[in-house]
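All remarks here apply to the structure that follows.
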Amino acid sequence: MSERPCWTSDYTFTVGMPHLQPFRLSEVELVKVLGDFQWRSLARAAELPPAEIRDEAGHRLFASMVSIELGLGPARRLEDFDEGTTVQVWNRVGLFGKRLVEGFFLFDREPLAEEVLAGVADRQQLRAAGRPYLYMTNAFVAHTPGGAPAVQSPAVFRERVPAGLELEATPVGIKEQMQVERSGRIEAGEAEADPLALPCRDGPPLRYRLMPESDLSGAGVLYCARSVAVCNIALRRHLCRRLRRPLSAQAVALLSTELRQIYYFGSAGPGETLLAEVEVGLLPLPSAPPSRWRAPLALISRVDLRRASDGVLIVSSRARQAMRIPGAMKSALTEAERFLGAVIG
């Protein structure tokens, strides 16, 4: 580990069964692992164990996510990180206003070249590095019994911020989160064609009841990384039940995230039910010769999650997911061809 313009750390993890879903590395587990690495980097900068980062009143602080952008880059897919793969991870964190965090990640199966890392000074350069990346912003939050989460400053940073850690400008992800909350629009993180509309049946928002065993964090609220799973569950239900030309559960399980942007505005606790509003568009992809994986189409989805108890918006997500079909899975290839034919005409 070495100190660079902002605090940087290097990590590795080996992909095992806890990190996988059928055919690929789990997007949810990946975000969990990288989120934990960012928390460790902050603790390292504070020279404290993670559990000892507290506010001046002694309340334990958590790094609640404000925004995430996950991109797999041009040369990698989640399917490339199979069991036994050692993942090399580089993380750089910065602190703004002693309460807000900006983190950059690059990760890959091979070591990350120092010249590539040295060229990453902002999110645009992170996107352009040509490696899988994650951009994450956080706020230090205290969860007090019976009270609403409150953004606080770690006591260790109130008097002194280590050299190289303090940011001069508000992180772009924080600015975007505020813009999305005001306007409701999420701009595409990369240039892409306009998707074709997928006609669907009208119906009430889809409902999802939080499961304490899997959805809640150690702070007793919806785990930020798990909201990715909730968005995917809502998308699956929409595609299988609401489309005029529905997809099978088998086909939906083959959707592989290439780019996700997600913004957090609040949280939810035990017993809460979330209401999901889903919009989906289709991107036909160029035909390719037979290979181990075929990708005939991609879907662009927008999912908003609200608390059913008061209707408050807590999460907005935009994702581009390609249908990555094993070349030998003929039934799924046939379904994708029929689906494209029915939509395009």
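Bear in mind these aren't lab numbers, they're just calculated from the coordinates by the rules spelled out. All of these numbers come straight from a predicted model, not from anything done at the bench. When we count neighbours, we look across all protein chains shown, and the Cβ atoms used for this are built from the backbone with ideal geometry, even at glycine.
Tabulated data
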quantity	calculated
Output for the stretch 107-120, where each listed residue is touching a strand residue (DSSP E or B) at 6+ places or on another chain (Cβ under 8 Å) and closer than 23 Å to residue 168 by Cβ	117, 120
Unmet requirement for residue 207, which otherwise passes all of (1) part of a loop (DSSP other than H, G, I, E, B); (2) touching a strand residue (DSSP E or B) at 6+ places or on another chain (Cβ under 8 Å); (3) under 18 Å from residue 306 (Cα atoms)	(1)
Residues (assigned to a loop (DSSP other than H, G, I, E, B) and over 16 Å from the mean Cα position of the chain (by Cα)) located in the stretch 218-237	218, 219, 220, 221
